[in-house]
1. Residue check, T32 against (1) surrounded by fewer than 17 Cβ atoms within 10 Å (Cβ to Cβ); (2) at pLDDT 90 or above, all met but one. Which one?
2. Given the criteria modelled with pLDDT of 95 or more, open to solvent by less than 10 Å² (accessible area, probe 1.4 Å) and closer than 24 Å to S304 by Cβ, does I19 qualify?
3. Starting from the stretch 38-62, take each residue that is within 25 Å of K106 (Cα to Cα) and list its partners that are open to solvent by 10 Å² or more (accessible area, probe 1.4 Å) and in a loop (DSSP other than H, G, I, E, B), counting only C-beta distances under 7 angstrom and pairs at least six apart or across chains.
4. Out of (1) at pLDDT below 85; (2) farther than 16 Å from L60 by Cβ; (3) surrounded by fewer than 21 Cβ atoms within 10 Å (Cβ to Cβ); (4) not basic (K, R), what's the single condition that is false for P128?
5. For the stretch 101-125, give me the residue count where each residue is at pLDDT 65 or above and part of a helix (DSSP H, G or I).
6. Any idea how many residues of the stretch 66-81 are of a type in the set (S, T, Y) and open to solvent by 40 Å² or more (accessible area, probe 1.4 Å)?
7. Quick one: count up the residues across the stretch 55-72 that are out of contact with any His (no Cβ under 7 Å at 6 or more places or on another chain) and within 19 Å of S103 (Cα to Cα).
Amino acid sequence: MGCGLRKLEDPDDSSPGKIFSTLKRPQVETKTDAAYEYVLLDFTLEASSNPEVIKISSVLEITYKVEEYYSRGFVVGAIHPILLPVGQRRSFPASHMYRVVLSRLKSSQKHAAPRGQRHPRLVIEECPSMDETLTNELVKELLEKVNEAAKRGKKFVGFVMQHFPQARACNGSSMDGSAELESTLSRRNREHRRKNSDDNYKTWSEGMLSGHSSESGIEEEMQGESSLLQDSDFQLGKEGNPAVPRKGEDKLYTVFNVFDDDSTCWTYHEGVLSMKVTRKGPVISTLEADWLELTTFYYKQGLSLVDSFVHWETSKGDYLPKSLEGLFIYEEEGSGVPGSTRKGNDAIVVEQWTVIEGCEIKTDYGPLLHTLAEFGWLLTCVLPTPIVRHD
């Protein structure tokens, strides 16, 4: 996420991302009492030639795929699609991939758990059949159910939409030929892209926080090729057997971390999400929003951004520049009683490009996430946006 996203058609613009913060760089890079470690897992609904991508037949399977990590103290902090399946993009292999981010406090900072205390567990629940278009009003109704679940010890992680693909291998080939475009794009300049991506990854891993400061906080330019924009939000640290729906059927799921100890309670609130988009035909080409300004007020009140909803689809032929209104979903921990000692949070907002070839993620926010973890920054959500270019 970031302020003033540049227009993608500018040939001189090769910046895949920037960082914006409520703090200056020295504050961001200050060690805190907490440091985190992360595990990033990629899942796909299709067959994959990439051994690092885990095959699943339904999002519901993720619950038992991460059980081992929960037994080691990790907890899922975010689940998001790698590529939003909007319009013709549903035929792309990456449209059926999901990223799961797990985190835990570093070993030296873990507090010894009382003997016999059970770890939290991940629960993914299917929402009622989606017979109509998901709107802000429907999401607000779902949020009421989330708040009811929160009273029973369920901590909301986010909503996940699943589109079930046609039978196709995840190397870009398709039994019905629907991924021909993706295959062609993946082959084009492959070696050039791979070299650039490897160089970028090395640079990011060696230290992401070495850019220059802007008046509004930290603003960093990272060079590299771009295929997808994903938005990451960081906050300073403080069941059942899956049923496989029919192919082509969309399902909406709600993801929770469930705790046996119900002494902690959470409340979830909706906030304004507004942006201006322009399109080249049906494809979104630019997106403008001041994400940091939209979220800072809630962070100063001690809330955390955990999810969002935007209806990205457009009516056929309606390609004029326009404003889109959606919802941010914020988490409030504790009673929320006025005058309570709830402490405000600081925030880092990142706009981040992800480079994808078929089902292989060449570069993304992973290196930056691991770097920020050392300074006590906790990932609270990743919000994909449907901006794609094929160069």
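The values are calculated or read from the model by the stated rules, or taken from the named source; none is laboratory data. The structure displayed is predicted, hence computed values, not measured ones. As a convention, Cβ positions derive from the backbone with ideal geometry for all residues, glycine included, and neighbour counts pool all protein chains shown. These area figures cover heavy atoms from the full protein model, side chains too; ligands, DNA and RNA do not enter into them. Shrake-Rupley method; radii C 1.70, N 1.55, O 1.52, S 1.80 Å.
1. (2)
2. The answer is no for I19.
3. What qualifies is D42/E52.
4. (2)
5. Residues in the stretch 101-125 being at pLDDT 65 or above and part of a helix (DSSP H, G or I): 1 in total.
6. Number satisfying all stated conditions: 2.
7. So the count comes out to 9.
Listed here are the residues, each with its yes/no results for (1) more than 30 Å from E67 (Cβ to Cβ); (2) at pLDDT below 90.
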residue	(1), (2)
D250	no, yes
F259	no, yes
I284	yes, yes
L287	yes, yes
D307	no, no
V310	yes, yes
G334	no, yes
